[in-house]
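Please read the structure below before turning to the comments.
The values are calculated or read from the model by the stated rules, or taken from the named source; none is laboratory data. Here the structure is a predicted model, which means the values were calculated and not measured. A quick note on method: Cβ atoms are made from the backbone with ideal geometry, for glycine too, and the neighbour counts reach across all protein chains shown.
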Amino acid sequence: MSRLLLPILFLLLVAPVSAQTQTSITRTTDAKLINHLTSKAEFPGGYPELMKFLQKNIQYPQMERDNDIVGMVKVRFMVDTSGQVTNPEVTRHVSPGLDKEAMRVVKMLPKFKPAMYYKKPVPVYYLVEVNFRIQG
């Protein structure tokens, strides 16, 4: 695959879900790949709105909460040339319930503003790390 067509982007957020649970998303970037883009894919309303979306929609599964199951689920997806979120896949599993919840929320994401390589939209990957923790 061409480095120009499929740059990899990562997303960082800290999104508390409730007083008893916390979900965080981590973002890092690969500078070599990002340098080729003239603009990154962007969630509608930008980073603050993405945080709000995740805070509103992520729910800690009851079975995992009852059994003190915690951990980080990683979900990779592509933002295609139209901004649609496609091909989500769990790349780091924790439990069936936590994996399913992270995938559910990623599948709910609205269209992004697509990444651009000089005035041409290009597909990019995002890796979302959802850290499920139970707080006292």
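Residues in the stretch 63-114 that are of a type in the set (Asp, Glu), touching a residue at least 24 places away in the same chain (Cβ under 8 Å) and not in a loop (DSSP other than H, G, I, E, B): Glu64, Asp99, Glu101.
So, in the stretch 104-130, how many residues would count as being over 15 Å from Phe53 (Cβ atoms) and surrounded by fewer than 19 Cβ atoms within 10 Å (Cβ to Cβ)? Full working, then the answer.
Here is the first cut: in the stretch 104-130, the residues over 15 Å from Phe53 (Cβ atoms) are 114-125, 127, 129.
This time we only want the ones that are surrounded by fewer than 19 Cβ atoms within 10 Å (Cβ to Cβ), so: 116-121, 125, 127.
Looking only at that region, the number is 8.
In the set (1) out of contact with any helix residue (DSSP H, G or I) (no Cβ under 9 Å at 6 or more places or on another chain); (2) surrounded by fewer than 17 Cβ atoms within 10 Å (Cβ to Cβ), the condition left unmet by Gly71 is number (1).
Within the stretch 41-68, which residues are surrounded by fewer than 18 Cβ atoms within 10 Å (Cβ to Cβ) and touching a Pro at 6+ places or on another chain (Cβ under 8 Å)? Scanning the stretch 41-68 gives Pro44, Gln55. Within the stretch 43-52, none of the residues are more than 13 Å from the chain's Cα centre (by Cα), at pLDDT below 70, farther than 17 Å from Glu101 by Cα and in a loop (DSSP other than H, G, I, E, B). Kindly evaluate Val85 against the criterion of being surrounded by 19 or more Cβ atoms within 10 Å (Cβ to Cβ) and closer than 15 Å to Gln55 by Cα. Judged against the criteria, Val85 is not a match.
Which of the residues that make up the stretch 119-133 are of a type outside the set (Lys, Arg) and at pLDDT 85 or above?
Kept after step one, since they are of a type outside the set (Lys, Arg), are these residues of the stretch 119-133: 121-132.
Result: Pro121, Val122, Pro123, Val124, Tyr125, Phe132.
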